[in-house]
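No value in this document is a laboratory result; all are computed from the given coordinates. As the structure is a computational prediction, the values presented were derived from the model and not from experiment. Glycine gets a Cβ as well: all are built from the backbone with ideal geometry, and neighbour counts include every protein chain shown.
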Amino acid sequence: MDTIKEPCSVLNQEEMCAGDKLAFSRITFIDPCGLKRSWEGVTRKYKSDSNSSIDEVYVIAFHRRLLYRECIILVKHYRPALKNFTIEMPTGRVKDCESAEETALRVLKQHTGYSGVVKTVGPNLAVSPASSNCTMRFLTLVVNGDEPHNRYIRSKQSSDPSRETLLIPVEELLEKLREFTEANYLVDSRIDAFAIGLVMGNTSRKMKVQSGGFAFNK
């Protein structure tokens, strides 16, 4: 769908305070109505081109084994900013001269120990457009759990207590995420939205449109 983009322009970007990787900045700009306005938020210090460069990848990894249920590979990770453990997809920053595909494979291996194959690469997306200039891509990967290098991974994981790999059956994903929430873990909104989409997709395939609304096929 085509949309009309009104002319906007950035007049100035002022870095008010900064750490090693992130800065808190004020950007002065002209909005579509021609008014001068300002925005304050987090900017990536290493980001060279805020319109095109990709900061992070989020990995939707499917673990498959013969005669076993298909699973989603998730990570339980302690996040200091939230002062809690989160349930999330493997995610990581794209390094210089590294493609999104290379980052996804590296992140999956580093975070879970698994090796996979990239199947799809999504478009460049905003992460939190109201408060950050960070951008990301979703990539789907498939892990063959029957391959020798992917066997017994969970028993070989590092002793890092801040991170744990989880294998969740696809058909139970939303239910398991709700159980994590009830256990006071924080579920990443992206994997929760993905799980809701799976349920809605499965439901829509079972329904047919009728004059009075929807009815389930038997």
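Couple of notes before you dig in:
- Cross-link table K95/K176; K83/K176; K21/K119; K76/K176; K45/K119; K36/K95, entries beyond 24 Å C-alpha to C-alpha: K95/K176; K21/K119; K45/K119; K36/K95
- The residue list V107, F24, W39 was ranked by how far each Cα lies along the charge dipole of region 1-143 toward its positive end, using unit charges on Cβ atoms, and V107 comes out on top.
- Restricting attention to region 56-206, close to 70% of DSSP beta bridges with both partner residues there are antiparallel.
- Ranking of H63, H149, H77 by count of other Cβ atoms within 10 Å, fewest first: H149, H77, H63
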